[in-house]
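Okay, structure first, notes after.
The values are calculated or read from the model by the stated rules, or taken from the named source; none is laboratory data. Computed from a predicted model, the values in this text were never measured in an experiment. Reconstructed Cβ throughout: ideal geometry from the backbone, glycine too, with neighbour counts over all protein chains shown.
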Amino acid sequence: MGLWQTNLIAIGLSLDVFAYCLYKGAMVSQVKKAEITKMVAIFTAFQTGMLIVGNAITWIPVIRDSYESATRIWKFMASLLFFGLGILMIVKSFTHRNRKIEEHKQDDYNYRVITFWAFVTSLDALIAGVGFGFLGLGLIVMALIVAIITAACAIVGFIAGYRLGCGPMNRFVTVGGCLVLIGGIDLFANYVTAIR
């Protein structure tokens with residue numbers, strides 16, 4: 001898996017975080033750097049942590065020991081995971097598309113709610129971590145890429161929401177799903193060509 005594919009999937013995963021931060025940014029009347037920093041740290045920690053947990057699943061002795069003899073199967077499974085994850089994100093964005101979002105000022109930062117949403121948006125990263133583990137990619141590099149992209153998406157999302165409102169929120173989740181889906185299709189194409 002190339003660096004561009006890794007970045008593509010990481011960006012796709014982080015657009016879920018972008019969408020939530022866009023929503024939160026639209027609700028505040030002023031930008032407080034300390035509060036934004038805490039929120040970004042929570043989302044980044046959850047995304048990175050779930051990626052690591054997903055990757056650790058592939059360290060289970062039964063899975064790890066079978067990796068050498070079943071490399072093709074694991075690569076096929078990884079491409080299916082990313083393909084399915086992309087579809088799931090797209091479907092999720094369409095099911096929420098007709099939900100009306102009422103923008104009203106909400107200056108408090110309820111960290112219980114933020115932590116809940118950080119957990120929910122990071123479930124995709126858990127699945128991606130398993131996929132990256134099946135591909136045998138370096139965990140430290142993957143975690144760094146996901147952490148940097150998640151933090152950037154959270155900051156940009158918050159500022160965009162503050163300036164523009166949260167109208168395009170679901171579109172970003174759809175775009176994220178498409179990016180992950182493209183990564184899965186490309187992985188599958190590479191898998192098929194490697195078999196020949």
Requested in this report: Can you confirm whether the range 146-164 contains a residue that is modelled with pLDDT of 80 or more and among the polar types (S, T, N, Q)?
Outcome: yes
Report summary line: Within the range 19-66, of all residues that are loosely packed, with under 14 Cβ neighbours inside 10 Å and part of a loop (DSSP other than H, G, I, E, B), the one modelled with the highest pLDDT is LYS32
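Working carefully through the options ALA118, ALA125, ALA78, ALA143, find the one that is at pLDDT below 80, among the aliphatic types (A, V, I, L, M) and within 25 Å of LEU181 (Cβ to Cβ).
ALA78
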